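Have a look at the structure that comes next, please.
What follows draws every value from the coordinates through simple rules; no lab data is involved. This structure is a prediction, so every number in the text was calculated from the model and none was measured. Cβ atoms come from the backbone with ideal geometry, glycine included; neighbour counts cover every protein chain shown.
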Amino acid sequence: MKRDRLEDFINENRHEFDSLEPSDKVWEMIGQRMEEQTKPNIRRMSWMKVAAIIAVIILVPSIIYQVRSYYQMQTVQAIQADPDVQELMEAEAFYAQEVSGKLAEIQKCYKIYPELKSEIEGDLNELETMYISLKKDLKENISNKEVIEAMIDNNRNRMKLVDDVLAQINC
């Protein structure tokens, strides 16, 4: 390998390069200049951080609101476009009203038949849990006819349950 002449010169004369050092005043001036330069940058950075935080605080909720409203609008459009979903909504409202009315009649009999409360409410809670699961499935695929039919059947089963209980008890 060929050696570099500059490198050889520096190695031979290193003692002459190392003998000269700047005075303490030079180092103090360099330190002062560095402090002066860093102070404005710190102030700028702190204002930039504050501005960024404010922007995030303002933008994140508005983005979340827009995304939610977009999905709600899509759901409403899908419901309006699909007659099966409209039928489900009407059936859900009808059965909810009927079941709550008949359940109120059954609740009057709880004093006479206290064991009735735990049995009926347990069955109704089980049907409600299944209904919530079906609703989640429906959100994933809004026009799935099998899920819609299963939801209507669930409502019919609730209605049948309270009808059967009312037929068996006489309060």
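Kindly count the pairs of lysines across the chain whose alpha carbons are less than 22 Å apart, treating pairs on different chains or eight or more residues apart as eligible.
Close lysine pairs found across the chain: 11.
Another question about this same structure. Using alpha carbons only, how many degrees (0 to 90, rounded to 10) separate the axis of helix 114-140 from the longest principal axis of the chain?
Between helix and principal axis, roughly 50 degrees.
Given R₀ = 22 Å, what would the calculated FRET efficiency be for Met48 paired with Arg68, taking r from the Cβ atoms and rounding to 0.05? Intermediate results must be reported in sequence, preceding the final value.
Values: r = 30 Å, r/R0 = 1.38.
Here the calculated transfer efficiency is 0.15.
Taking every pair of alpha-carbon atoms in the chain, what share in percent sits in each 5 Å bin, from 0 to the bin with the longest distance?
Once binned at 5 Å, the Cα pair distances of the chain give 1, 6, 9, 9, 7, 6, 6, 5, 5, 4, 4, 4, 3, 3, 3, 4, 4, 4, 4, 3, 2, 2, 1, 0.
Let me ask another. In the stretch 82-171, how does Rg compare with the Kirkwood Rh, expressed as the Rg/Rh ratio over alpha carbon atoms? Spell out each step's value before the answer.
Numbers: Rg = 14.6 Å, Rh = 13.9 Å.
Across the stretch 82-171, the Cα-based Rg/Rh ratio is 1.05.
About its Cα centre, how strong a charge dipole does the chain have in debye, to the nearest 20, once Lys and Arg get +1 and Asp and Glu get -1 at the Cβ? Could you put the intermediate results ahead of the total?
Values: 22 positive and 31 negative charges, 140 e Å.
It works out to roughly 680 debye.
Using a 10 angstrom Cβ neighbour count of at most 12 plus a DSSP loop assignment to flag exposed trypsin sites (Lys or Arg not before Pro), which longest range of the chain is free of such sites?
Working: sites that count: Lys2, Arg3, Lys108, Lys111.
In short, 4-107.
Give me the dipole magnitude in Debye, nearest 20, for the stretch 82-171 about the Cα centre, with unit charges on the beta carbon: positive for Lys and Arg, negative for Asp and Glu. Intermediate values should be presented prior to the final figure.
Values: 11 positive and 20 negative charges, 78 e Å.
Roughly 380 debye, rounded to the nearest 20.
Additional query: Once the dipole of the chain is set up with Lys and Arg at +1 and Asp and Glu at -1 on Cβ about the Cα centre, which of Met151, Val56, Tyr95 lies farthest towards its positive end?
Value computed over the given set: Val56.
If each residue of separation counts as 0.36 nm, what is the full-extension length gain between Asn170 and His15 once their alpha-carbon separation is subtracted? Let's see the in-between values first.
Numbers: separation 155, 0.36 × 155 = 55.80 nm, distance 11.50 nm.
44.3 nm is the gain from fully extending Asn170 to His15.
Moving to a separate point now. Taking a label point 7 Å from the Cα of Ala104 along the Cα→Cβ vector, which residues of the stretch 141-171 have an amide N closer than 20 Å to it?
Only 158-167, 169-171 pass the distance filter.
If I build a Gaussian network model for the chain, linking alpha-carbon pairs within less than 10 angstrom, which residue out of Ile120, Ile64, Ile30 has the largest mean-square fluctuation?
So, out of Ile120, Ile64, Ile30, the one fluctuating most is Ile30.
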